[in-house]
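The values are calculated or read from the model by the stated rules, or taken from the named source; none is laboratory data. Since the model is a prediction, treat every value here as computed from it, not as a measurement. When we count neighbours, we look across all protein chains shown, and the Cβ atoms used for this are built from the backbone with ideal geometry, even at glycine.
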Amino acid sequence: MKKEKRGMAKQGKGHARRILACRTDRFGEFLLNVPAFRALQKAHPGAAFYIACDPNVAALARLVVSGGGQVVAFENRRHSLSEILSFSRRLKREKFDTCVVFNPTKEMHLAAYLAGIPRRIGYSRKWGFLLTRKLRDTRDLGFKHERQSNLELAALAGAAEPAAGDHRLLSAESLGTLLPEKFLKEGFVAFHPWTSDPVKQWPHDRFLRLARLISGELDMNLAMIGGPEESKVYPEFYSALSGGNIVNLTGKTTLSQLLKVLSVSRLLVSGDSGPMHLAAAAGAPVAALFRNDIAGKAPRRWGPLGEGNIVLEKPSLLKIDVEEVFEAVKGILGAQNTLH
């Protein structure tokens, strides 16, 4: 035990020169890792900071890498042994001295081990024995926010608490012709009625009624957002809406373009989703709908970061009424009008 502690102390001395931070799952989870990424950068000034992530998240990761670091693509799927070996050789060429695996996978643990990275940090599961420092993974118990869990793991590599607002990202994208001029002049509400997890899906008919209330009763411009898969699965949703103050951006933006769109929106209405976290990163307030009867999926772990958000949570999403979400939207808009 004493020998192990001495080894840990030795690893903790000095600043890392080349750091690899791994978060290879979906972009919502990736965004909640941004504060930990920045805490690592702050703790190791001048280090080359690399991020391994799914290619779909690469544009967002490029907004965070620093010190001559790069984005290292590693798809969010199962890989063959030859692919893992090839990836480990790529890591070995970069001569990393520190690797932090934020979403544990056997493949990433093995690749980091085979690459000979001397300090390998992560959670003690999925072949955690290949790591040099590790934490017990209790995230599914929902005791704390995912952001805090990421920061605690980064602390094993010397990171301290980041500054307020370190979850924010700034997009250099141009809006181009994505939004009508009136949306930019009058303002608009972004609207994301989809989810990849049926357990977290508020009924679509309620989202539809809410959209009609916002665009009709409030006479507010509405921008529908979502990914390519949602534009294929739910075309009937947008076709059920009509009016000159509704635009459909579903499947028409990249993540970096969507970050820009959300940065100029009045707010986003969404369930627990990646775009909810993207809106928080863009600095837009969120009216978010959550069920809180499953600890690992509750807002205590996955709620939006930042200020000005309203989270509506109940044991069943069916217990969240359209009217109360509408009141939350009016509350956020009213507070903004008061400030201006």
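Quick look at the values:
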quantity	calculated
Enumeration of residues in segment 275-292 that are surrounded by fewer than 22 Cβ atoms within 10 Å (Cβ to Cβ) and either assigned to a helix (DSSP H, G or I) or at pLDDT below 95 (or both)	none
Which numbered condition residue 19 fails, given (1) among the aliphatic types (A, V, I, L, M); (2) at pLDDT 95 or above; (3) assigned to a loop (DSSP other than H, G, I, E, B); (4) in contact with an Asp or Glu (Cβ under 8 Å, 6 or more places away or on another chain)	(3)
Only one of 326, 290 that is closer than 16 Å to residue 209 by Cα, in the same structural domain as residue 209 (by TED's automatic domain parsing) and touching a residue at least 40 places away in the same chain (Cβ under 8 Å)	326
Looking only at segment 92-114, and only at residues there that are in contact (Cβ under 8 Å) with a residue 60 or more places away in the chain and among the aromatic types (Phe, Trp, Tyr), the one that is surrounded by the most Cβ atoms within 10 Å (Cβ to Cβ)	102
Among (1) touching a Ser or Thr at 6+ places or on another chain (Cβ under 6 Å); (2) crowded, with 22+ Cβ neighbours inside 10 Å - the single one residue 256 does not satisfy	(2)
Matching residues, segment 70-91, being free of Cβ contacts under 8 Å to residues at least 24 places away in the same chain and either under 17 Å from residue 40 (Cβ atoms) or in the same structural domain as residue 229 (by TED's automatic domain parsing) (or both)	70, 71
Given (1) assigned to a helix (DSSP H, G or I); (2) crowded, with 17+ Cβ neighbours inside 10 Å, index of the condition residue 83 fails	(2)
Among (1) closer than 30 Å to residue 232 by Cβ; (2) out of contact with any Asp or Glu (no Cβ under 6 Å at 6 or more places or on another chain); (3) in the same structural domain as residue 248 (by TED's automatic domain parsing); (4) not acidic (Asp, Glu), the one test that residue 175 misses	(3)
Filter result (in contact with a helix residue (DSSP H, G or I) (Cβ under 8 Å, 6 or more places away or on another chain) and surrounded by fewer than 20 Cβ atoms within 10 Å (Cβ to Cβ)) within segment 221-243	234, 240, 241, 243
Those residues of segment 116-130 which are within 19 Å of residue 96 (Cα to Cα) and part of a loop (DSSP other than H, G, I, E, B), in sequence order	116, 117, 118
